[in-house]
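Encoded as structure tokens, the structure appears first; notes follow it.
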Amino acid sequence: MRTTIDRHPVSDLTVVRNLGILAHVDAGKTTVTERILYATGTTHKRGEVHDGTTVTDYDSQERDRGITIFAAAVSCTWNGHRVHLIDTPGHVDFADEVERSLRVLDGAVAVFDAVAGVEPQSESVWRQADRHGVPRIAFVNKLDRAGADLDTAVESIRRRLHPAPLVVQLPIGAEDGFTGVVDLLRMRALIWADGTGTAVEGPVPGALLDEAHRRRRALEEAVAELHAPALEEFCAESALSEGTLTTALRDLTRSGEGVVVLCGSAYRNRGIEPLLDAVVAYLPSPLDVPAVRGTHDGAVRERAADPRAPFAALAFKVQSTATGRLTFLRVYSGTLRKGETVLDAGAGRTERIGRILSVRADRHAEVDRAVAGDIVAVVGLKSARVGATLCAPADPLLLEPPSAAEPVVSVAVEARRSLDTDRLATALARLAEEDPSLVVRTDPETGQTLLSGLGELHLEVAVEKIRRDHGLGVGVGRPRVAYRETVARGVSGLVFRHVKQDGGAGQFAHVVLDVEPLDAERVTTGFAFRSTVVGGRVPQEYVRAVESGCRDALTEGPLGGHPVTGLCVVLTDGATHPKDSSEMAFRTAGRLALREALRTSVMALLEPVVEVTVTVPADAVGTVLGDLASRRARVTSSTSRTATTVLTATVPLSQLFGYATALRSRTQGRASFTTRPTGYAVAPEDTTEAARLR
Ligand SMILES: Nc1nc2c(ncn2[C@@H]2O[C@H](COP(=O)(O)OP(=O)(O)OP(=O)(O)O)[C@@H](O)[C@H]2O)c(=O)[nH]1
Ligand SMILES: [Mg+2]
């Protein structure tokens, strides 16, 4: 079924689907997206990731590296429905792109590799989607590969992600001979005989009939168990009709109680049209998800997804392009017309909307308005940042911005020619504006410019982007991890007197503090503050000032000037002076007291740790394990499949720099690995020494 792109926003929101394509690296997200664009008639040729010809991997680095780096939004229509789709990156260094996308999506397609099943990053993005309450359907891809097996992949989904995968297809043929599926709802066979992606429909082949009936029965039973009206029908009729199944699958998808599973081979263009049908049938429209909530003047307000309501949208991506600065918006309520003035609620500034574009990755078509439920790009906004709420000036509303992950790796960067220093600073600032998980700062000790991000690849891509987009020569230092400091053994009863009485207004603040470690779970996130002062010896406003002062002291710990976390400060006593005490004096006292307390406490250095999963051919396991051991890795599991072994280990991030190259050369390129951040852990003594001397 082919339809042409509808350039006008629909106002019937029931036919809108905003969805993301999520998965582990290389599962085939970009290929699925590409085939969706082809199936919907949005493009007329099929691009390939390895040829660098896909619509959504349009950046020159994505094409060179063969991976997705930037989330790309595209719009298409299917069967009278308008589908806004975001192809996301699978590499963990770009997890923040996924986070920002999830914030604005109503549903998602999770793609799995039929050989590998659930991989570490599939699990991470699945949990991310759980946190955002985004309903999903699963697409088990690459059924054409040798070793592909739908049942094993579904079992890994059941074991690791969701207790109720609801498989609605039975593959016809396997591996190279995978040619079609039995649609278990309609009990019809769909065969893809050529590469066009359009199936020939026919009766279920005789040889598969028993198996198809058995699986249909299993699906009916699984659905009846989860869905009350279906159970009623099942009890009365001992079977479920196609209509009841469709309704129940939609309900279970939206409530998250079940996950519909489809399968196919995106590369061979098999299984895409049923996937689109499932998107339309099961995933929610903007009307089916809870109304967006924001705040105004401290009060929580809801906004219905209604084109007639006051306008409110979230900017989830900013991108500098040849056409100018594009701001991608998810419109939650109201209607936006070009030329209108909107309010950037967080910044308290108004801005004018130049043009509105319907998005197709790198190419865009102009439209005159965008309505609730739409995802569009606008041109003309000068200062709105990623995460900004844009709204009708007469009806302000502030939506919660997507959260940004804390950078864990940094490199020093400098312009090769000193006269380019200012240009580099401008380029870095622009980069950080487009990607809030990149942070630029100056090292107070060395005066160097430090660029921090989520991983080595993240920083490498950022620096290369500056080289390419700005034609700048950039020198890059060795990557360093971001350490933290924590309290291993605290102090109690630390007395600090802050007194200045040299004429004029004096400063007087006495505080007594206890410092304790927080429990292990909160070691990387937490700072707690409590007061046990009795008898009003320190008035409330001064207690708050002491807390602020303590927070000030957390920015630099005594070991190496790293941020301090995982501690609880208790203010146990204090004293004031009738004239010379002030909030300022208590804040200063809090800061200096905690700084001294930390100097006398036993401190520990925390280093970022990641879980590494290495897939390695059986004959190279020994060398890979030896290398991991030299990197202070703790191997947590080892699973063997036919000719490969999957090793999982916990490794300090600092030991993983250059691992991609090392692994490639030790295994002649036959092993691959992925990483997943798992937080911070106490670093050994020698690291502590090195970080102190840094
Ligand atoms: N055999 C086979 N290969 C496939 C299939 N789908 C995708 N591929 C290949 O797998 C590789 C990765 O595909 P992509 O579409 O780039 O995967 P991705 O999930 O977008 O990867 P990232 O964006 O880098 O996370 C490419 O070489 C594809 O050609 C499939 O159905 N069968
Ligand atoms: Mg991709």
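Brief remarks on what is shown
- Label-point separation in nm, HIS44 to GLN501, each point 7 Å along Cα→Cβ: 8.9
- Cβ-defined net charge surrounding VAL379, 12 Å radius [Lys, Arg +1; Asp, Glu -1]: +3
- The range 653-688 and the range 38-88: distance between their alpha carbon centers, rounded to Å: 32
- Other residues within the sphere of radius under 12 Å centred on the Cβ of GLY107, judged by their own Cβ, net out at +2 (K and R +1, D and E -1).
- Taking the charge dipole of the chain about its Cα centre, with +1 at Lys and Arg Cβ atoms and -1 at Asp and Glu Cβ atoms, the residue from HIS213, PRO203, ALA545 reaching farthest to the positive side is ALA545.
- Averaged over its residues, the range 546-633 has an accessible area of 37 Å² per residue, based on protein heavy atoms and a 1.4 Å probe.
- Seen through its C-alpha gyration tensor, with square-root eigenvalues sorted a ≥ b ≥ c, the range 243-396 comes out oblate because a/c lies at 1.5 or above while a/b is not bigger than b/c.
- Computed over the chain, the quotient of the alpha carbon radius of gyration and 2.2 N^0.38 Å is 1.07.
- Here the range 576-689 is assigned +1 on the Cβ of each Lys and Arg and -1 on the Cβ of each Asp and Glu. Its dipole about the Cα centre then comes out at about 280 debye.
- Gyration tensor verdict on the range 475-521 (Cα atoms; rounded if a/c is under 1.5, prolate if a/b is larger than b/c, oblate otherwise): oblate
- Trypsin sites (Lys or Arg not before Pro) restricted to DSSP loop in the range 551-641 with at most 11 other C-beta within 10 Å: LYS579
- For the range 585-694: span of alpha carbons on each principal axis (Å, largest first): 68, 24, 18
- Computed over every Cα-Cα pair of the range 107-221 and binned at 5 Å starting from 0, the pair-distance distribution P(r) comes out as 2, 11, 19, 21, 20, 14, 8, 3, 0 percent.
- Averaging 1/r over every pair of different alpha carbons in the range 210-317 and inverting the result gives a Kirkwood radius of 17.0 Å.
- Multiplying the residue separation of ARG423 and ASP443 by 0.36 nm and removing their Cα-Cα distance gives an extension gain of 5.3 nm.
- Accessible area per residue for the range 362-460 is 46 Å², calculated with a 1.4 Å probe on protein heavy atoms, without ligands, DNA or RNA.
- With the highest mean first, a sort of the peptides 563-569, 443-449 on other beta-carbon atoms found within 10 angstrom per residue produces 563-569, 443-449.
- Anisotropy class of the range 60-118 from Cα gyration tensor, a/c 1.5 cut: prolate
- Charge dipole (Cα centre; +1 on Lys/Arg Cβ, -1 on Asp/Glu Cβ; no other charges) of the chain amounts to roughly 1360 debye.
- Furthest towards positive pole of dipole, VAL342, PRO393, PHE328, structure part the range 324-395, Cβ charges: PHE328
- Signed unit charges on C-beta, dipole axis of the chain, positive-most listed residue LEU357, PRO677, HIS577: HIS577
- Net dipole in debye of the range 9-85 [+1 Lys, Arg Cβ; -1 Asp, Glu Cβ; about Cα centre; nearest 20]: 260
- Using a probe radius of 1.4 angstrom, the carbon and sulfur fraction of the accessible surface of the chain is 50%.
- A simple rule links phi to the HN-Hα coupling: the Karplus curve 6.51 cos²θ - 1.76 cosθ + 1.60 with θ = phi - 60°, which for the range 603-614 gives 9, 10, 8, 10, 10, x, 10, 10, 9, 9, 10, 10 Hz, with x for Gly and Pro.
- For ARG35, the shell of other residues with beta-carbons less than 12 Å away shows a net charge of +1, using +1 for Lys and Arg and -1 for Asp and Glu.
- The smallest convex shape that holds all Cα atoms of the range 156-248, its convex hull, gives 125 Å³ per residue.
- Gap separating the Cα centres of the range 259-308 and the range 423-455, nearest whole Å: 35
- The value for the range 562-641 of Rg(Cα) / (2.2 N^0.38 Å) is 2.12.
The values are calculated or read from the model by the stated rules, or taken from the named source; none is laboratory data. Since the model is a prediction, treat every value here as computed from it, not as a measurement. Please note: Cβ atoms are built from the backbone with ideal geometry, for glycine as well, and neighbour counts cover all protein chains shown. Keep in mind that these areas ignore ligands, DNA and RNA; they rest on the heavy atoms of the full protein, side chains included. Shrake-Rupley method; radii C 1.70, N 1.55, O 1.52, S 1.80 Å.
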